[in-house]
Amino acid sequence: MKRRTFFKLGAIAGALSVIKPLSASNLLEASTEGIADGPIILSTWNHGLAANSAAWEILEKGGKAIDAVERGVRVTEADLTNRSVGIGGRPDRDGHVTLDACIMDEQSRCGSVAFLEGIAHPISVARAVMDKTQHVMLVGSGAKKFALEMGFKTAKTPLPEVKKDYEQWRKENKNLFVKPEINHENHDTIGMIAMDANGDFSGACTTSGWAYKMHGRVGDSPIIGAGLFVDNEVGAATATGMGEAIIRIAGSHTVVELMRQGYTPTEACKEAVRRIISKHKDLTNLQCCFLAIDKKGNYGSYSVYSGFNYALKTKTEDKMVDSAFDRNW
Ligand code: ASP
């Protein structure tokens, strides 16, 4: 199904939670949250379905969440038709496809890469930063150098068809300092969070960021605490949407800390969204979305605008779920 169709469906499903006060029972009625019995995976957007299937192959055999999330988001990174994740992504306004990713496990170990060019699986480079170095984050040419030392293969970017679109965009946007168009149609990260059979959490987040962003721009996705956060005592959260706004409130960390204080995943995501709304006078195109799972297997999400959905995988379910939201587009 096309994302625009999801926006419409999201608007219908979400209307329930807008019209009525957001009590737990209303949310269940709108089927935006639930409880998993056993392992669970949540991933942002429609591309999360295929990613969840790959991750589930590891979880159903009793494997670790960290291996599942890496395997899962690699599927999205490998999809050359995906224009917002991996080497099929759209470039920045100078024509460079720059990739951001991070990963975090149940021991709060984490790894991240940002502004990485020409490497097909940034999530695995992030994992190598976590596993093989004393650092958390490598960026730009340093991240690339490390990836090559670790034996990652290079890839030529942008892809020819993506370059064509970019050249057209350049023709239409002659002024180099034009504000890159940022809207809900031209970006889509995959953020995946999972709990394994042992009750342990991990998460992964990977993106090419906003199409035609300024060269050097890094969003929330590779920032531990913004695009992703895991605390095995509490749960996990991830984000998609306007990275700058998510960074401003340390979004995913905020969601996990609110769950520590007793908020349900949906309430925690809703409070993070409320903080974003309260800190921005202009909400034009300011879509921000959060997903979370707590230690008991409760899960939920919340977004500024309608249209956000996520892929859910448990022993009994494998489906897209429309998020609760604050307002309609
Ligand atoms: N959060 C990403 C970024 O700001 C984009 C997205 O999730 O759509 O780069």
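Take the alpha carbon gyration tensor of the chain, find the square roots of its eigenvalues, order them as a ≥ b ≥ c, and report rounded if a/c is under 1.5; if not, report prolate when a/b exceeds b/c, else oblate. Oblate.
Where Lys and Arg each count +1 and Asp and Glu each count -1, what net charge lies around Ala120 among other residues with Cβ under 10 Å from its Cβ? Taking every other residue near Ala120 into account, the sum is +1.
Given a Förster radius of 22 Å and the C-beta distance between Lys61 and Val136 as r, what FRET efficiency does 1/(1 + (r/R0)^6) yield to the nearest 0.05? Mind dumping the intermediate values first?
On the way: r = 29 Å, r/R0 = 1.34.
Between Lys61 and Val136 the formula returns 0.15.
Taking 31 Å as the cut-off for C-alpha to C-alpha distance, list the pairs among Lys145/Lys213; Lys61/Lys153; Lys156/Lys270; Lys156/Lys319; Lys153/Lys315 that go past it.
Values: Lys145/Lys213 24 Å; Lys61/Lys153 29 Å; Lys156/Lys270 40 Å; Lys156/Lys319 34 Å; Lys153/Lys315 35 Å.
Violating the 31 Å limit, Cα to Cα: Lys156/Lys270; Lys156/Lys319; Lys153/Lys315.
In a reduced charge model with +1 at each Lys and Arg Cβ and -1 at each Asp and Glu Cβ, the stretch 114-271 shows a dipole moment near 840 debye about its Cα centre.
The mean sequence distance of close C-alpha pairs (under 8 Å, at least 6 residues apart), as a share of the length of the stretch 111-163, puts its relative contact order at 42 percent. Sequence-distant contacts, meaning Cα pairs under 8 Å at least 6 residues apart, place the relative contact order of the chain at 24 percent. One decimal place: the segment Gln168-Ala78 gains 29.9 nm when fully extended, by the rule 0.36 nm per residue minus the C-alpha distance. Tell me, how many Å apart are the Cα centres for the stretch 264-329 and for the stretch 34-102? A separation of 18 Å, based on Cα centres.
Ordering Ser208, Ala239, Phe229 by the projection of their Cα atoms onto the charge dipole of the chain, which places +1 on the Cβ of Lys and Arg and -1 on the Cβ of Asp and Glu, puts Ser208 at the extreme positive end.
Amide H to amide H, with H built 1.01 Å from N, Tyr305 comes under 5 Å of Cys288, Asp326, Arg327, counting only residues 5 or more places away or on other chains.
Taken together, the values in this text are just the output of simple stated rules run on the coordinates, not laboratory data. Small disclaimer: the values here were computed from a predicted structure and weren't measured. Glycine also receives a Cβ, built like all others from the backbone with ideal geometry; neighbour counts cover every protein chain displayed.
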